[in-house]
Amino acid sequence: MNTNKIWFTSDNHFGHKNIIRFTNRPFSDVEEMNQEMINRWNEKVGKNDDVYHLGDFALASASKTRQLRKQLNGKIYLIKGNHESSALECVDCFEWIKDYYELKVNDQKGPKLIVLFHYAMKVWNASHHGTWHLYGHSHGSLKDDETSLSFDVGVDNHNFYPLSYDDVKKIMMQKKWTPPFGPRDK
């Protein structure tokens, strides 16, 4: 798996006019918001890249969701958020739709496990071994814990752009995480 072609994002809320007010997005209307997020997505993501979307893709009709999806580059793997009714009506627009996913990436330093879920967790599979956790849902309302190898990849936190694997790795490397347990006796 080429790490240059892996992207993460969440909470676009395509088609949701009230999200502009709820999260103070800098757009005058839903059409401007949709178009700017499509532009920023396609500025980064290539046609054959893998995009892991951590929920709340769109709040629109299934036909509008389908139209929006057709404008976006990449193969989208959708982790279900709490606003996925339109996405579930056009399942064929996505590579798959799951509640939760454990992504294994072959990094230069060896395999890396990344737990993907719409919601933030305090602990997750192998978190005590340095596994990463990416989430959405909170629209920047949760304070980042610099001692936890997790953070919100939602668009409201990242200038409405998806994050590359390298972006995520850079953020994780700045964290002050330490393993909670010492070496074990064999």
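Per-residue ellipticity at 222 nm for the chain, helices alone: DSSP H runs ≥ 4 residues times -39500 (n - 2.57), over residue total, nearest 500 deg cm²/dmol?
-6000 deg cm²/dmol
What percent of all Cα-Cα pairs in the stretch 22-111 falls in each 5 Å bin, counting up from 0?
In whole percents, the pair-distance histogram is 3, 12, 20, 24, 21, 11, 5, 3, 1, 0.
Suppose every K and R has +1 on its Cβ and every D and E has -1 on its Cβ; what is the size of the dipole of the stretch 35-186 about the Cα centre, in Debye to the nearest 20?
Computed about the Cα centre, the dipole is about 320 debye.
Quick one: with all protein chains in place, what share of the accessible area of the stretch 111-186 is carbon or sulfur, to the nearest percent (1.4 Å probe)?
Solvent-exposed carbon and sulfur of the stretch 111-186 make up 54 percent of the total.
Please sort 81-89, 152-160 by packing, taking for each peptide the average over its residues of neighbouring beta carbons within 10 angstrom, highest first.
Per-residue mean Cβ counts within 10 Å order the peptides as 152-160, 81-89.
Take residue 108 and residue 143, extend 7 Å from each Cα along the Cα→Cβ direction, and tell me the distance between the two endpoints in nm.
3.5 nm
For q = 0.14, 0.19, 0.20 Å⁻¹, what log10 I(q)/I(0) does the chain give under the Debye formula with an equal point scatterer on each alpha carbon and no solvent?
The calculated log intensity ratios at q = 0.14, 0.19, 0.20 Å⁻¹ are -0.74, -1.33, -1.47.
Do any of 64/98; 44/112; 70/109; 44/64 go past 28 Å between their Cα atoms, and which?
Too far apart for the 28 Å limit: 70/109.
With every protein chain kept in place and ligands, DNA and RNA left out, what is the accessible area per residue of the chain? Probe 1.4 Å, answer in Å².
Per residue, the chain has an accessible area of 53 Å².
Go through 68-78, 90-100 and give me the packing order, highest mean Cβ count within 10 Å leading.
68-78, 90-100
If a/c stays under 1.5 just call it rounded; otherwise compare a/b with b/c (prolate if a/b is bigger, oblate if not). Do that for the stretch 72-156, with a ≥ b ≥ c from the square roots of the Cα gyration tensor eigenvalues.
Judged from the Cα gyration tensor, the stretch 72-156 comes out oblate (a/c at least 1.5, b/c at or above a/b).
Test of understanding: in a Gaussian network model of the chain with alpha carbons linked when under 10 Å, which of 117, 27, 151 would top the mean-square fluctuation ranking?
Between 117, 27, 151, it is 27 that shows the largest mean-square fluctuation.
For residue 32 and residue 92 in the same chain, what is the full-extension length gain: residue separation times 0.36 nm, less their Cα-Cα distance, in nm?
19.0 nm
The values are calculated or read from the model by the stated rules, or taken from the named source; none is laboratory data. Because the structure is a prediction, the values reported are computed rather than measured. Here the Cβ is made from the backbone with ideal geometry for all residues, glycine too, and neighbour counts use every protein chain on show. The area values use the complete protein model at the heavy-atom level, side chains included, leaving out ligands, DNA and RNA. Shrake-Rupley method; radii C 1.70, N 1.55, O 1.52, S 1.80 Å.
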